[in-house]
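I have placed the structure first, in the form of structure tokens, so that the comments after it can refer back to it.
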Amino acid sequence: MIKIQKFDKIIAANWKMNGSIKFINNFIKKLTFENNNNNSSLCSIICPPFTYSNYLLNNLKNHYLGGQDCSLYEGGAYTGDISASMLRDIGCQFCIIGHSERRIYFKETNQEVSIKAINSLKNNIHPIICIGETLEQKKNNKTKEVLSKQIIESTPKNSTKNNTIIAYEPIWAIGTGLTPSLEEINDIHNFIKNKISNYENYKIIYGGSVKSAISKEILNLDYVDGLLVGGASLDVAEFNKILSS
Ligand code: PGA
């Protein structure tokens, strides 16, 4: 497995269910990070839809490939599922697990997220485990309580700072153009690292409406180790700016 601790910052692009061969060709052509990547302290991960993984990997250098999800199961009669071992087989080194869209639309529980993370780890894939509160939970001052429960229940026992990344993505900030204040982001990342035991040296990355206009400020926060970027990662000019911020 890659030593994630060697990276200063981790930037992951979550393309969700977007993209096409034409889109990828244009993206690769205009991606500038590829040409001046002497900066090994930055880990750039691109998570396309499964169908484009191979194509992307064959055409991309200096970026890691990530999945957006993996099956709860290791193999067998689960029509439509993709196992962690299949992801590893085509070169995935990371996998987003428990994204709020999966938790909400596909009713994934913390226990299922933990099993998916176990499957990833078994196949030498770094899980990027997502946690985040709803707006209602935030308004009711429940954020820290919710995050503690999610992180503890979603992270398997064999997770360590070397093999697992945590993504803090407030649900109300995803795709909405809203973001917490810089102070709030730093405070939550500090809380995860220093108030929930065992996560002190984990890489904790922020996601939710990240744009190039604020990426640098977020990356400069003391307790933030990177970004999980959705919408803005589909715009290659924006993504270039984020990678160089
Ligand atoms: P967004 O998505 O950047 O479009 O808000 C982030 C994510 O869902 O990972």
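A few points about this structure:
- Each other residue within a Cβ distance under 15 Å of V229 adds +1 if Lys or Arg and -1 if Asp or Glu, for a net charge of -1.
- Across segment 4-244, the relative contact order, built from alpha-carbon pairs under 8 Å that are at least six residues apart, equals 20 percent.
- Taking the Cα atoms of segment 162-231, the ratio Rg/Rh between the radius of gyration and the Kirkwood radius comes to 0.95.
- At least 20 Å along the helix axis (C-alpha) and Kyte average at least -1.0, DSSP helices within the chain: none
- Per residue solvent-accessible surface (Å²) - the chain, probe of 1.4 Å: 47 Å²
- Kirkwood hydrodynamic radius of segment 4-244, from inverse mean 1/r over distinct Cα pairs, in Å: 17.8 Å
- Out-of-range pairs (alpha-carbon distance over 31 Å; input K30/K138; K6/K144; K122/K241; K16/K61; K16/K149; K30/K107): K30/K138; K122/K241; K30/K107
- When the alpha-carbon atoms of segment 1-143 are used, the pair Rg, Dmax equals 16.1, 47 angstrom.
- Value at 222 nm in deg cm²/dmol, rounded to 500, when DSSP H runs of n ≥ 4 in the chain each add -39,500 (n - 2.57): -10000 deg cm²/dmol
- Within the accessible area of the chain (1.4 Å probe), percent carbon and sulfur: 49 percent
- Calculated log₁₀ intensity ratio I(q)/I(0) where the Debye formula runs over C-alpha points of segment 115-220, q = 0.14 Å⁻¹: -0.55
The values are calculated or read from the model by the stated rules, or taken from the named source; none is laboratory data. Just so it is clear, the structure is predicted and the values come from calculations on it, not from any experiment. A quick note on method: Cβ atoms are made from the backbone with ideal geometry, for glycine too, and the neighbour counts reach across all protein chains shown. Accessible surface areas use protein heavy atoms only, side chains included; no ligands, DNA or RNA. Shrake-Rupley method; radii C 1.70, N 1.55, O 1.52, S 1.80 Å.
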